[in-house]
1. Please find, within the range 151-197, the residue that is surrounded by the fewest Cβ atoms within 10 Å (Cβ to Cβ) out of those that are polar (S, T, N, Q) and under 24 Å from V65 (Cα atoms).
2. Restricting to the range 92-147, and then to whatever is of a type in the set (F, W, Y) and part of a strand (DSSP E or B), can you tell me which residue is surrounded by the most Cβ atoms within 10 Å (Cβ to Cβ)?
3. If a residue has to be without any contact (Cβ under 8 Å) to a residue 24 or more places away in the chain and not in a helix (DSSP H, G or I) to count, how many in the range 253-287 make the cut?
4. Restricting the search to the range 291-308, which residues are touching a residue at least 40 places away in the same chain (Cβ under 8 Å) and more than 28 Å from the chain's Cα centre (by Cα)?
5. Cβ contacts < 8 Å: first residue among the acidic types (D, E), restricted to the range 104-132; second residue assigned to a strand (DSSP E or B), any location; separation 6+ or different chain. Result?
6. Any idea which of S77, S49, S56 is under 26 Å from E5 (Cα atoms) and polar (S, T, N, Q)?
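Just so it is clear, none of the values below were taken in a lab; they were calculated from the coordinates. Note that the structure is predicted; figures quoted are calculated from it, not measured. Heads up, the Cβs are rebuilt from the backbone with ideal geometry, glycines too, and the neighbour counts pull from every protein chain shown.
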Amino acid sequence: MKEWEKFKVGTYSTSKNWTNPDFQRLTKVLHVSHIETAFNILKDKKVRSGLIYDKSKLNTERILVCWLSPNIWTHGSRYGNIAFEFDFATVVQNKKFYWVEVMTEYKPVACRILVTTNNYDSVLEPYDPSKKSGPLFFAAAAGKYYWNGTICLELMIEQDLPLSSCSAVSITHHHDEFCCIDPKTCSDMSQSSTGAAAKFLAGVVARNVSIDVDLFRTYDHNDEKYRVSLDFRNGYKALLTEAKGTTFSGTMLSSDPHALTYLRAALSFYVQNETTEFLRLLSNFSSFKEVQHVLFNCIETKFDSHLS
């Protein structure tokens, strides 16, 4: 019996209102990162592949991979807050599949599959997704992928993933107890998803990070407008809530030529969790309304989309 057979997909549900947890459509996969790493991904315009450092059997091989998974965790991801979404069928097109291992110490267990253009027949056992014998199944006749959603499916993609193939960026909750980096020092663990969205948004504005606006906006067909996606609209509102924590004693208006410079400097402190300095710089504005105006205009311009 193959190791993967213990975790094979179940059966297709014929009910219109029910999907069997162990037989779910697999259309998109996520690469989740911490906030600082996400800034680097945006700057590099790709998710860089890296060596495998955990207890995997491949941690002694010089194989560079990007991690992808369809899992969305109720209690949060141990990998961070920022989720880069990719179309699964496109990522795996014309590639080979190899079974790597099952990590039984994870709950639920994590089944790992290497997706590559290279030949590892001498190292790993080939995995054929067209056979309904494991956690990943390709129904060739329908041209659709399915997976066993009762386990954690981890896909190790042996390549960099360009952001040109990314379909969206969203926010997910970081697990409150577990972190792939260091649960004792990770500052991303202690904040809400909305707080993470605010911090990420602040960093994009403060550092003037180049972005593909299509990854951060949705199209409203009712009024034919692009709007900043909901996660980041919530982040904007959270930033405004934080800004209300200062006493505005300055004279600066949003029309001042230095207003955006002051705002970016303040947001830089916010990204570094230096709230006192963040509020101190904002206090140079004459009122909360002036801060709101410059932040609103800056974000709408940056994302080429409406906030309201």
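1. Going residue by residue through the range 151-197, those that are polar (S, T, N, Q) are 159, 164-165, 167, 170, 172, 185, 187, 190-194.
Restricting the remaining residues to those that are under 24 Å from V65 (Cα atoms) gives 159, 164-165, 167, 170, 172.
Numbers: Q159: 17, S164: 8, S165: 13, S167: 12, S170: 19, T172: 19.
Applying the filter and picking the extreme gives S164.
2. Taking the range 92-147 and keeping what is of a type in the set (F, W, Y), we get 97-99, 106, 120, 127, 137-138, 145-147.
Subset that is part of a strand (DSSP E or B): 97-99, 137-138, 145-147.
Working: F97: 19, Y98: 21, W99: 20, F137: 22, F138: 19, Y145: 19, Y146: 22, W147: 26.
In this case the residue turns out to be W147.
3. The number of residues fulfilling the criteria is 6.
4. Once the filter is applied, which keeps residues that are touching a residue at least 40 places away in the same chain (Cβ under 8 Å) and more than 28 Å from the chain's Cα centre (by Cα), the range 291-308 yields only V291.
5. Pairs found: E125/Y98; E125/W99; D128/F97.
6. On the way: S77 fails: under 26 Å from E5 (Cα atoms); S49 fails: under 26 Å from E5 (Cα atoms).
The conditions single out S56.
Every residue, every condition in (1) over 23 Å from M189 (Cβ atoms); (2) exposed (fewer than 13 other Cβ atoms within 10 Å of the Cβ); (3) among the basic types (K, R), yes or no:
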{"position": "P21", "(1), (2), (3)": "yes, yes, no"}
{"position": "L26", "(1), (2), (3)": "yes, no, no"}
{"position": "H34", "(1), (2), (3)": "no, no, no"}
{"position": "I41", "(1), (2), (3)": "no, no, no"}
{"position": "K45", "(1), (2), (3)": "yes, no, yes"}
{"position": "L51", "(1), (2), (3)": "yes, yes, no"}
